[in-house]
Amino acid sequence: MEWFSQDGFEVRLEWGQAAVDYLAEKADCAVIVDVMSFSTCVSLAVEKGARIYPYPWKDESANEYGMKIGAKVASPKRRFSGEGYSLSPVSVQNISDGERLVLPSPNGSTLSFRARDTGIAVFSGCLRNMSATANACGIFKRILIIPCGERWPDGSIRPCVEDYVAAGGIIDVMGCGNCSPEAQAAVAAWQFYQQQNLLPLYKCSSACELQQRGFSKDVELCLETDAAKLACQLYGNFYASGA
């Protein structure tokens, strides 16, 4: 599989779990990009001084895990503001300083832990903390950017344009000249959408789903650029403010 490794480039990009399985062993850090909405929730919470404990399963075991570590548990189903924490960014934007929250998310959480288990540094990146993430990764030589994407009903990956654009934005801020062609293509996508103030992303598939379900404010939060000043780094089992 050497021909897929993007070896020789400082900044690389590949999608989903395969990126971790086939490229992470040759990286020094990875950035998990899940804009709508895991990474945005993590950024909002960390910006408020909270800790986010990712959790890969949306079942009763999340509550058991929360009790074990003394943390609140977000609902695995997106909820409106005032109905408790969930994967809705609006629900976590006013989280308290020092609070600990378990966030069930099969996508972002699974990739976060899978990357962590390779022994590399792991960050959660999105549009909100784009520059902060890029700056935090500046101390690493080999950087792997992983847009998560979503899943089709048959379980196959559905590449998401919002994750791809955010990944390209992070790479663009890094200013790294030694990028793989895959990473360069993401930068081009970011620059194209940036010229349009990201307006087309409000009509992407993920945004349309949330809007039709009544979560338009979530879309707005997810598409804010550089609203956060802190990077989000995974320390063992939780995300907190990074370097």
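For segment 205-215, the criterion of being free of Cβ contacts under 8 Å to residues at least 12 places away in the same chain, polar (S, T, N, Q) and in a helix (DSSP H, G or I) is met by at least one residue. A single entry from 23, 127, 44, 87 fulfils the requirement of being of a type outside the set (S, T, N, Q), touching a residue at least 24 places away in the same chain (Cβ under 8 Å) and touching a strand residue (DSSP E or B) at 6+ places or on another chain (Cβ under 6 Å): 23. Here segment 135-190 is the region considered, the condition is being of a type in the set (D, E, K, R), touching a residue at least 24 places away in the same chain (Cβ under 8 Å) and in a loop (DSSP other than H, G, I, E, B), and the residue that is nearest to residue 17 (Cα to Cα) is 142. Which residues, counting only those in segment 101-123, are outside any helix (DSSP H, G or I), under 24 Å from residue 158 (Cβ atoms) and open to solvent by less than 10 Å² (accessible area, probe 1.4 Å)? Selection gives 103, 104, 105, 122, 123.
Rundown of residues vs (1) of a type in the set (Val, Ile, Thr); (2) under 30 Å from residue 96 (Cα atoms); (3) open to solvent by 40 Å² or more (accessible area, probe 1.4 Å), yes/no style:
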position: 133; (1), (2), (3): yes, yes, no
position: 137; (1), (2), (3): no, yes, no
position: 140; (1), (2), (3): no, no, yes
position: 197; (1), (2), (3): no, no, yes
position: 225; (1), (2), (3): yes, yes, yes
position: 229; (1), (2), (3): no, yes, yes
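Considering (1) open to solvent by 10 Å² or more (accessible area, probe 1.4 Å); (2) out of contact with any strand residue (DSSP E or B) (no Cβ under 6 Å at 6 or more places or on another chain); (3) modelled with pLDDT under 95, the lone condition that residue 152 does not fulfil carries the number (2).
The values are calculated or read from the model by the stated rules, or taken from the named source; none is laboratory data. Only a predicted model underlies this, so the values are computations on that prediction, with no experimental measurement involved. Note that we place each Cβ from the backbone using ideal geometry, even for glycine, and neighbour counts take in every protein chain shown. Side chains included, ligands, DNA and RNA excluded: accessible areas come from the protein's heavy atoms. Shrake-Rupley method; radii C 1.70, N 1.55, O 1.52, S 1.80 Å.
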